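Down below is the structure, laid out as structure tokens.
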Amino acid sequence: MGDIYSADTNQHPDRFKLDDLASPSQEILRCLILTEKTDDTRWCWYLTVVLDTDLAYGLRLRDVLQELNKEALKKNPKREIIRLVDICIARDKVIREKLVMMRRLLKIAFLSKEFRNIIVTFLENLDIEKIRFDLNDKYWLANKFDYNYEGKTYEKRMVWKNAEDKDWKFEEIAPEKPRIAINPPNQAFYDLTAEEAQTMIVETAKVIRDDWVKHQKNAEIARKN
């Protein structure tokens, strides 16, 4: 993954910046970098950018990380991590088969001490409050059918969302002033003779007037219906 990321960023060195990542993704990146013993953190950036942009996986990860019990992690890391995966599987409605496969692979990967240390280091250092869903996240996720975020069904989340909508005060927008939007003339226009320019101006005015007349007719039809 690091090689793919490097090949991409070598062409666009300023493509990814820390400030461009959402706050939760910044926290995930910070903890991933802590697991890397060398100065090559390309894979950390690549994985974080994927999670930051692929919401199907990024939001599921954040959802179960909110359920992390660090005391249980200290006692039995494998059991606690598998418990989190099981929560994700139980809440999912779309990619459950992929999650089940990931669960199997995790159990095998835990045979590696190096892999186990990476996962535990990441989770031990993670500030759960920084990745927890805020009000905006919960509102945006309320009408998602693919996953029971925070263990709540679609119906329960919509009840909450509708209650939030009742108290929402929409900003009053002042009526627009009359305007005509026209693109700035290009150089070819300025190269016209005075006669050619006048002809084009008259034709443009006719197009604008025809559009106004059409709008008035449609408005009159709408009023009658």
Before we move on, is Arg83 farther than 22 Å from Glu27 by Cβ and assigned to a helix (DSSP H, G or I)?
no
Looking for whichever is hydrophobic (A, V, I, L, M, F, W, C), surrounded by 14 or more Cβ atoms within 10 Å (Cβ to Cβ), in the same structural domain as Tyr57 (by TED's automatic domain parsing) and touching a strand residue (DSSP E or B) at 6+ places or on another chain (Cβ under 7 Å) here; the options are Leu106, Leu73, Leu141, Leu99. Which one fits?
Leu99
Contact list please: Cβ distance under 9 Å, first residue in region 177-194 and in contact (Cβ under 8 Å) with a residue 24 or more places away in the chain, second residue surrounded by 10 or more Cβ atoms within 10 Å (Cβ to Cβ), pairs at least six apart or on different chains.
Ile180/Ile208
For region 171-215, which positions are of a type in the set (S, T, N, Q) and loosely packed, with under 10 Cβ neighbours inside 10 Å?
Asn183, Asn186, Gln187, Thr193
Flag if Thr121 is exposed (fewer than 14 other Cβ atoms within 10 Å of the Cβ) and β-branched (Val, Ile, Thr):
no
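Across region 95-122, what is the number of residues that are assigned to a helix (DSSP H, G or I) and closer than 17 Å to Tyr57 by Cβ?
Summing the residues that are assigned to a helix (DSSP H, G or I) and closer than 17 Å to Tyr57 by Cβ in region 95-122 gives 12.
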Given the criterion closer than 19 Å to Lys144 by Cβ, surrounded by fewer than 17 Cβ atoms within 10 Å (Cβ to Cβ) and modelled with pLDDT under 95, identify the matching residue among Leu51, Leu18, Leu55.
Leu55
Have a look at Asp134, Asp52 and point out the one that is touching a residue at least 24 places away in the same chain (Cβ under 8 Å) and on the phi < 0 side of the Ramachandran plot.
Asp52
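The values are calculated or read from the model by the stated rules, or taken from the named source; none is laboratory data. All values reported here derive from a predicted model rather than from experimental measurement. With ideal geometry, Cβ positions are generated from the backbone for all residues, glycine too; neighbour counts draw on all protein chains shown.
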